[in-house]
Amino acid sequence: MADASTIDGSTAFEVIDEPAPPSVARQLGLGFWLSSAFVVLVVALALLAPILPIADPDQTAIGGRLEGPRPGLWFGADSTGRDVLSLTIWGSRISLLVGFIAIVIGFSIGGTVGIAAGYFRGLFDKVVSFIFVTLLSFPALILAILITTLLGRTVLWVSVSLGVLAIAPVGRLARAQTLVFAEREFVTAARILGASDRRILVKELLPNVVIPMSALALLGMGIAIVAEGTLAFLAISVEDGFSWGRQIQDAGSSVRDLEEGPHAALFPIGVLFLTVLSLNYAGDRIRDVFDAKELQL
């Protein structure tokens, strides 16, 4: 802003500094950082599970049958006397791993194909769009069950089945974002200067598409974790090892056990809920902040 008043009547301008816009860290808000801290804590516990001073998740009779929480047995015991806290920490390893691999597969394939379709357009774009629509039209749960049944219930194939489900939504977002940025002046200038298609895709378009895609990555990972839990609850997820879904399935396999010791299911459900909630909230905040910045350009 400027002030034009002077003593001698001549015109002069005094520049008044406007307050600087808030930093990205402040715009993201306290909730984003609390959510991120919780996710980091869960990931750290999963990675450090082998060296943490917790009980062996396979060891039975550590506590009484369906014994409630107490000091030294903070989450209580399940129907075989196993430490629910240990099971929850070890279960996070498979749940997080499946979610991470699934979203990496979805982004590697869907993101790459979506960006290429949005940039080159034409027949290639039409074919890719048709494939995306077909994948979205297929019942997700049935497709996941089909893949795991045919290929096996290992961490890899469960992750692949969920990764295939992520290809279409990720690809559609990547294509839409690429269509927007492909019309920007910096892309036009790069073409005029003789930049190759590869350079434009990698140097100009990819950095601008990464931000909205990163928000979707957090949301997608939360969805993949829930999907793995659903498959595990249906007893068609990873056979060897623990996951939150399998832990919940074991705890809820008997109505009587669930009535006598609800803590055996409630604690893994709570950790699963908070993890997915944190991922979703962090993703929403990233999307809101950077979408707002995009609108100001």
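Laid out as a table, the results:
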{"read-out": "Every residue from region 185-203 that is closer than 20 Å to GLY110 by Cβ and either aromatic (Phe, Trp, Tyr) or free of Cβ contacts under 8 Å to residues at least 60 places away in the same chain (or both)", "value": "ARG198, VAL202"}
{"read-out": "Some residue of region 266-278 being part of a helix (DSSP H, G or I), over 20 Å from the mean Cα position of the chain (by Cα) and more than 27 Å from ALA116 (Cβ to Cβ)", "value": "yes"}
{"read-out": "Residues being closer than 12 Å to ILE167 by Cβ and aromatic (Phe, Trp, Tyr) - total across region 76-135", "value": "2"}
{"read-out": "Subset of region 83-96 (residues that are out of contact with any Asp or Glu (no Cβ under 8 Å at 6 or more places or on another chain) and closer than 15 Å to GLY220 by Cβ)", "value": "LEU96"}
{"read-out": "Single residue of region 37-60 satisfying the filter (of a type outside the set (A, V, I, L, M) and assigned to a helix (DSSP H, G or I)) that is farthest from PRO268 (Cα to Cα)", "value": "PRO50"}
{"read-out": "Lone qualifier among ALA182, ALA195, ALA189, ALA174 - being more than 30 Å from ILE142 (Cα to Cα) and either aromatic (Phe, Trp, Tyr) or buried (at least 18 other Cβ atoms within 10 Å of the Cβ) (or both)", "value": "ALA182"}
{"read-out": "Boolean, ARG199 is modelled with pLDDT of 85 or more and of a type in the set (Lys, Arg)", "value": "yes"}
{"read-out": "When residues of region 97-125 are limited to those that are hydroxyl-bearing (Ser, Thr, Tyr) and more than 16 Å from the chain's Cα centre (by Cα), the one farthest from LEU48 (Cα to Cα)", "value": "TYR119"}
{"read-out": "Qualifying residues in region 47-96 (those that are under 27 Å from VAL226 (Cβ atoms) and of a type in the set (Ser, Thr, Tyr)) - the one nearest to the chain's Cα centre (by Cα)", "value": "SER95"}
{"read-out": "Residue tally, condition more than 22 Å from the chain's Cα centre (by Cα) and either basic (Lys, Arg) or under 13 Å from ILE236 (Cα atoms) (or both), over region 126-141", "value": "1"}
{"read-out": "Subset of region 61-118 (residues that are in a loop (DSSP other than H, G, I, E, B), buried (at least 19 other Cβ atoms within 10 Å of the Cβ) and either small (Gly, Ala, Ser) or in contact with a Phe, Trp or Tyr (Cβ under 6 Å, 6 or more places away or on another chain) (or both))", "value": "GLY63, PHE75, GLY76"}
{"read-out": "Subset of region 33-73 (residues that are among the polar types (S, T, N, Q) and under 17 Å from GLY91 (Cβ atoms))", "value": "GLN59, THR60"}
{"read-out": "Region 243-255, residues that are assigned to a loop (DSSP other than H, G, I, E, B) and polar (S, T, N, Q)", "value": "SER243, SER253, SER254"}
{"read-out": "Test: residue in region 17-25 that is surrounded by 11 or more Cβ atoms within 10 Å (Cβ to Cβ) and either assigned to a loop (DSSP other than H, G, I, E, B) or modelled with pLDDT of 85 or more (or both)", "value": "no"}
{"read-out": "Hits in region 207-242 - residues which are closer than 22 Å to LEU274 by Cα, in contact with an Asp or Glu (Cβ under 9 Å, 6 or more places away or on another chain) and not in a loop (DSSP other than H, G, I, E, B)", "value": "ALA215, LEU218, LEU219"}
{"read-out": "Tally of residues being more than 16 Å from SER92 (Cβ to Cβ) and touching a helix residue (DSSP H, G or I) at 6+ places or on another chain (Cβ under 7 Å) across region 231-248", "value": "4"}
{"read-out": "Pair list, Cβ under 7 Å, 6 or more apart: region 237-264 residue without any contact (Cβ under 8 Å) to a residue 12 or more places away in the chain, other residue outside any loop (DSSP other than H, G, I, E, B) and not acidic (Asp, Glu)", "value": "LEU258/ALA251; LEU258/ALA265"}
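The values are calculated or read from the model by the stated rules, or taken from the named source; none is laboratory data. Predicted model, so just to flag it, every value in this text is computed and none were measured. Neighbour counts are summed over all protein chains in view; Cβ atoms, including those assigned to glycine, are modelled from backbone coordinates with ideal geometry.
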